[in-house]
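The numbers here are math on the coordinates, done by the rules we state, and not lab data. Bear in mind the structure is a predicted one, so any value in this text is a computation, not a measurement.
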Amino acid sequence: MNFNEITPLVYIILSILISTCISIVDKSLFSTDIRIINDEAKSGNFFSGIIAGLLSRFNDTAMSLNIWRLIVNGIAIWILLVYNENNSVPLSISTLSLLSLLIIQLLISRLINNFKNKISIRIAKTASPILWILTTILLPITTLLRKIENKYLLKQMTESSNIDNQIPPTLITIDEPVNPPDEQELSMIRGILTMEESIVREVMVPKPDLIAIDCDASIEEAVTIMNQSGHSRILVYEDSIDKVIGTLHARDMLLLFNAKQHQVIIRHLVRPVLYAPDSKKVDDLLRDFQQERIHMAVVVDEYGSTAGLVTLEDIIEEIIGELSDEFEKAESEIDIVDENEIIVDAGIHVETLLEQFSVEVETDGFDTIGGLIYSNLGKMANPGDEVIYKNVKLHVLSVVGRRIKRVKITKINSS
């Protein structure tokens, strides 16, 4: 092998190394514990501050890393094509180089998944200054791409009136002679097929509905909250709900009561909890639940604040429908009074108006009936408040805290 054959291989190996480093940093950055990073950033740690800033722009950072990885891999392929055209590098060596690039990428992804959090944080801190420079360079491009993506997704959501239109009928069509599935079975099949496209934000319990307790509270206070809420697990926070440090299980408190240790504070009983960005895919989170053997995750927004909570039960309900236990009072999302009047849960999607009364809603920062009311009401809602939107009247029946609970929707006759 002469010098002309060695030179392109050096370029290719260098490209592979750079691409591998980007993969390592990518996996390490997004597997760090955001709570630890935020605590260190507040205490003045320079590198943690950079990481916190990168994670606060989650989508832009992830997109920048993917673009840089694409650029580096593209350069490697371009070098191969140019030198193969000049017969400077044998085809077998070129092919082997490309295969090595793919194998290394897969191995790195697997390896980082097994890293401990401390190692991930150390790698992320080391690379954070360079990473900040790289993401800043591409910031105009990623911002433009994100706006285009959001505009496309919004258009796609408004054009899709129901989930059946998004699934090819052939995927769920079964020959008539072979015991055709009933409607419930078809609904489960649709749930499984669409779960791959669902994100955590769509299935989570929103922040206003969370049940949580301060980490310095007493066991007696926790028992009271659990009795009132009916939950056997509740979130534990420090200072504010935006700083969730774990979960408290009723089982752990029962063990303390048996040992007659009533003076222990909640902080000492906290179990770890998963954190998931609100843009994470639901099926990816389900795999995390399986690997970590944890049944709930705290959802954080792009700024690192608590956005809500998602549990294993929430994900299962996406597949098989609403679950109720023996202690829950059954309350359907939609009660049809007659053809011109329905009573609904304020948390359902505004598409209900289109389905029931053929009313198209121009969404502007909201997706639910409650959001539509607040958008037009202009103040905090109270039972009895009414909003008229196009040819329907929305009457607030009940409010829990600041959250609208039940709404009566009546079609207004054109006359």
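Couplings 3J(HN,Hα) of the stretch 352-366, computed from phi: 4, 5, 5, 5, 8, 10, 6, 10, 8, 10, 7, 6, 9, x, 9 Hz, in residue order, whole Hz [Karplus 6.51 cos²θ - 1.76 cosθ + 1.60, θ = phi - 60°; x for Gly and Pro].
The 3J(HN,Hα) values that the Karplus relation (6.51, -1.76, 1.60; θ = phi - 60°) gives for the stretch 224-241 are, in residue order, 4, 5, 5, 5, 6, 8, x, 9, 8, 10, 9, 6, 10, 10, 10, 6, 8, 5 Hz. Gly and Pro appear as x.
Could you tell me which of rounded, prolate or oblate describes the stretch 201-320, using a ≥ b ≥ c as the square roots of the eigenvalues of the alpha-carbon gyration tensor, with rounded for a/c under 1.5 and, failing that, prolate when a/b is larger than b/c and oblate otherwise?
Values: a/c = 2.10, a/b = 1.69, b/c = 1.24.
Taking the square roots of the gyration eigenvalues as a ≥ b ≥ c, the stretch 201-320 is prolate.
Couplings for the stretch 69-76, taken from phi via the Karplus curve 6.51 cos²θ - 1.76 cosθ + 1.60 with θ = phi - 60°, read 5, 5, 5, 5, 5, x, 5, 4 Hz in order; Gly and Pro are left as x.
Taking amide H positions as modeled 1.01 Å from N, with prolines and chain starts lacking one, the residues under 5 Å from ILE348 and 5 or more places away or on another chain are ILE369, GLY370. Could you tell me whether the stretch 338-378 comes out rounded, prolate or oblate from its Cα gyration tensor? Rule is a ≥ b ≥ c as square roots of the eigenvalues, rounded for a/c under 1.5, then prolate if a/b exceeds b/c, otherwise oblate. Here the stretch 338-378 falls in the prolate category. The convex hull drawn around the Cα atoms of the stretch 334-411, when projected onto a plane and averaged over every direction, covers 4.5 nm².
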